[in-house]
Amino acid sequence: MTSSGTNSRADTGGGAQESVSAAWELLLPAASAPARGRGRALQSALREAVRSGRLVPGTRLPSSRALAADLGVSRGLVTEAYEQLTAESYLRSGHGAGTWVSGSVRAAEGGARDLAPRAPGTRVDFRPGTPDLSLFPRSAWAATHRSVVGRLPHSALGYPDPRGLPELRNALAALLTRRRGVVADPERLVVCSGVAQAATLLGFVLHGRGLGTVGVEDPGSPEHASLFSSAGLVTAWLPLDDEGLAVGPLVRSGVRAVVTTPAHQFPTGIAYSAARRSRLLDWAREVDGVIVEDDYDGDFRYDRAPVGALQGLDPEHVAYTGSVSKSLAPGLRLGWLLAPASMTDEIVDRKRTMDMGNPAIDQAVLADFIVRGGYDRQLRRCQRAYRERRDALTTALAEHFPGTEVSGIAAGLHVIARLPRRYGPEAEFLSSAAGAGIDLRLLSDCGDARANDGHVGLVIGYAHLPPADIARGVQLLAECRRGTG
């Protein structure tokens with residue numbers, strides 16, 4: 001620093017002087033920036049010195065003349081930087097009183113955290129709900145992306161129809177009609193950020209119509225309750241029997257909206273019987289209610305063709321939801337909602353105010369991927385892999401945990417395993433697994449009333465694990481229990 005710079009700071013406290021000296025080190029690179037960008041670089045460096053706390057509030061800065069001499073730049077650059085940051089409230093100044101660091105600025109927090117639901121350090125993760133992300137068709141998706149971006153008209157990059165791009169809604173309508181047997185009018189199909197947003201949209205609309213409670217399956221997905229709660233709705237947990245949602249408790253509950261997973265109930269793994277599906281539709285017509293059908297993994301049936309969607313029997317009383325989270329990747333955040341005609345306009349209005357529509361390029365890529373057959377090929381690939389992995393899991397359980405009951409249909413990405421009582425109690429079993437680095441989800445976490453009968457009830461996800469890892473994980477689980485038994 002020059003002597004003039006030192007003198008200009010003589011009246012600051014010792015801590016402030018140290019702050020100024022340290023901050024100047026951050027300004028030196030800006031002073032050596034190319035001439036055309038030097039002013040912006042100086043402003044950015046000075047702004048960051050204040051924002052990061054290197055220049056603390058109340059610090060008096062050198063005069064523009066002194067700082068310019070210290071840095072070897074023109075006085076005009078420093079004056080302009082002081083004026084700009086004063087206008088932004090990083091600095092304050094008064095006539096004849098010098099320039100000071102403002103007290104309006106708070107030091108920035110640390111770096112961004114990753115709150116994604118991962119389990120670092122886990123040896124084997126048997127939690128359900130995750131597909132094998134290594135099966136994502138990177139090459140085909142990248143080629144489709146390049147092709148779509150190259151021919152997409154400029155107008156398609158504006159705000160999209162909140163329902164979704166017409167080409168994607170047409171492609172999804174044809175796909176869902178063919179594969180899931182729905183009545184798919186593209187005008188009533190809304191592209192969403194997964195089933196989570198679809199449920200939230202429905203929750204807001206139902207709440208706006210005066211409904212205060214929505215029924216959910218018990219046992220069922222805890223996420224349903226939290227999603228509808230965010231829309232202001234209370235959840236009523238309604239029991240299941242061997243055929244599906246029990247109609248008696250549903251009628252007595254007084255609700256007029258209920259969430260179901262009829263093709264492959266989560267977590268029990270049953271498929272609703274034909275009689276129960278018919279009775280549920282009768283209930284919806286009698287109370288003028290709505291059934292929310294979460295078809296989260298309806299494409300994955302391994303012993304026969306999948307049961308068609310409930311929505312195809314009465315599209316005016318069933319709101320159908322689905323996504324590519326299990327077939328492609330949850331990180332794409334692409335799903336759909338087929339709404340009853342009476343609710344469509346309200347849902348679209350809420351979607352518009354919520355996010356102005358999903359990203360246009362992602363929608364266009366998915367539309368092209370579906371139309372050109374890439375999505376069907378991906379489903380066949382996943383079905384082969386997941387069938388093999390389910391077989392590997394049931395074989396390993398039979399070998400290492402004899403007497404285990406695996407229930408539910410041969411479908412989806414998880415199984416229900418009820419281990420004999422000798423492997424309990426549940427709390428000790430879970431503790432042993434955690435000590436061995438094995439992540440599990442108990443059936444009791446999903447509200448199953450039978451979970452306290454002495455058996456160890458598990459919801460075991462397998463789709464994301466290669467067969468060898470499945471066999472190794474079950475073996476490790478058995479070994480850790482023998483070591484504590």
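The values are calculated or read from the model by the stated rules, or taken from the named source; none is laboratory data. A quick note: this is a predicted structure, and the numbers were derived from the prediction, not measured. Counting neighbours? That spans all protein chains shown, and the Cβs are built from the backbone with ideal geometry, glycine included. All accessible areas refer to the heavy atoms of the entire protein, side chains included, with ligands and DNA or RNA removed. Shrake-Rupley method; radii C 1.70, N 1.55, O 1.52, S 1.80 Å.
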For Val318, residues with placed amide H under 5 Å, excluding near neighbours: Ile291
Surface per residue (accessible, 1.4 Å probe) for the chain, Å²: 45
Protection-proxy order for peptides 241-253, 459-471, each taking the mean of Cβ atoms within 10 Å per residue, highest first: 459-471, 241-253
Nearest-10 value in Å² for the accessible area of Arg333, using the 1.4 Å probe: 100
Gained length - Asp345 relative to Ser230, 0.36 nm times residue gap less alpha-carbon distance: 39.3 nm
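How would you rank 268-274, 189-195, highest first, on the average number of other Cβ atoms within 10 Å across their residues?
Taking the mean over residues of other Cβ atoms within 10 Å, the ranking is 189-195, 268-274.
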Ala97/Thr122 FRET efficiency (R0 51 Å; Cβ-Cβ; nearest 0.05): 0.30
Amide H within-cut-off set for Ala257, under 5 Å, with H built and near neighbours excluded: Gly215, Val290
Cβ charges +1 (Lys, Arg) and -1 (Asp, Glu), total dipole of the chain, debye: 1280
Distant-in-sequence amide H partners of Asp218 (H built 1.01 Å from N, under 5 Å): Leu238, Leu240
Stretchable slack from Ser253 to Ala143, in nm (0.36 nm times residue separation minus alpha-carbon distance): 34.5 nm
Diffusion coefficient, µm² s⁻¹, Stokes-Einstein with Kirkwood Rh over alpha-carbon pairs of the chain at 20 °C and 1.002 mPa s: 80
R0 of 25 Å, Cβ-Cβ distance Glu223-Arg421: FRET efficiency to nearest 0.05: 0.25
Per-residue ³J(HN,Hα) for the stretch 69-77, Karplus 6.51 cos²θ - 1.76 cosθ + 1.60, θ = phi - 60°, Hz, x for Gly and Pro: 5, 4, 8, x, 10, 6, 5, x, 5
Pair Arg113, Arg380: separation of 7 Å Cα→Cβ label points (nm): 4.6
Heavy-atom accessible surface of the stretch 180-324: percent carbon and sulfur, 1.4 Å: 52
Label point distance in nm, Asp391-Val371, each placed 7 Å from Cα along Cα→Cβ: 3.8
For the chain, share of DSSP beta bridges that run antiparallel, in % to the nearest 5: 60
C-alpha long axis of helix 467-484 to longest principal axis of the chain, angle in °: 90
Karplus-derived HN-Hα couplings along the stretch 24-38 (A = 6.51, B = -1.76, C = 1.60, θ = phi - 60°), whole Hz, x at Gly and Pro: 4, 4, 6, 8, 4, x, 5, 5, 9, 5, x, 4, 5, x, 5
In degrees, nearest ten, helix 274-287 long axis to first principal axis of the chain (Cα): 60
